[in-house]
1. Working from the pairwise distances between different alpha carbons, so that the mean of 1/r is found and then inverted, what is the chain's Kirkwood radius in Å?
2. Any idea which of Ile101, Val57, Ala13 is furthest toward the positive side of the dipole for the chain, if Lys and Arg beta-carbons carry +1 and Asp and Glu beta-carbons -1?
3. Please compute the length gained on full extension between Thr33 and Arg80, using 0.36 nm multiplied by the number of residues separating them and subtracting their Cα-Cα distance.
4. Identify which of Thr51, Thr33, Thr87 has the largest mean-square fluctuation in a Gaussian network model of the chain, with springs joining Cα atoms closer than 10 Å.
5. At a 1.4 Å probe radius, carbon and sulfur cover how many percent of the accessible area of the stretch 35-110?
6. Report, in deg cm²/dmol and to the nearest 500, the calculated mean residue ellipticity at 222 nm for the chain, where each DSSP H run with n ≥ 4 adds -39500 (n - 2.57) and the sum is divided by the residue count.
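The values are calculated or read from the model by the stated rules, or taken from the named source; none is laboratory data. These numbers were taken from a predicted model, which means no experiment stands behind them. Cβ sites come from the backbone with ideal geometry, for glycine too, and all protein chains shown count toward neighbours. Note: accessible area is taken over every heavy atom of the protein model, side chains too, but ligands, DNA and RNA are not part of it. Shrake-Rupley method; radii C 1.70, N 1.55, O 1.52, S 1.80 Å.
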Amino acid sequence: MAGYIELNIDQGASFNTTITIAESNGSIRNLSTFTAQSQMRKSYESLTYITLNTAIVNGSGGVISLSLSAPETSNIKAGRYVYDVLTVDSGGSKQRVLEGIAIVSPGVTR
C-alpha cells in the first residue's frame, strides 16, 4: 500500500521535498536499482498532467526527491491536485509508493 503525504506548493516559488520510502514493517526500502516518476493532475480522470521532477537521491536509504522550478510552479493554476509517485525496477515493473493531494497556493509577487 502506498504512503500518503499532502504536498504544499507555492505558485511562483521553487518547490523541493525529499521523502523516505519504507516497507510496511517500517524498514527502509532499498531503491538502489530503481528509478522514480511522478505526475499530478487536477483530478484522477484528467488527461492533462504536470510532471514532478523526481530523483532517487539515496537509493540504499530509500530517499526520493520531488521538485519543480519557480518557472514551472508559475505555470500551475492555484488549487487542489492529486499526485502519485511510482518506482520502476530494471524490468519495467512499476509500484506506487506514494500518493496524496498537492495544494498549490496562489502567488502575488511576479
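1. Numbers: mean 1/r = 0.0692 Å⁻¹.
Computed over the chain, the radius equals 14.5 Å.
2. Checking the options against the dipole of the chain, the answer is Ala13.
3. Details: separation 47, 0.36 × 47 = 16.92 nm, distance 3.26 nm.
Gain on stretching Thr33 to Arg80: 13.7 nm.
4. Thr33
5. Values: 2180 of 4270 Å².
Answer for the stretch 35-110: carbon and sulfur cover 51 percent of the accessible area.
6. Taken over the chain, the calculation gives -1000 deg cm²/dmol.
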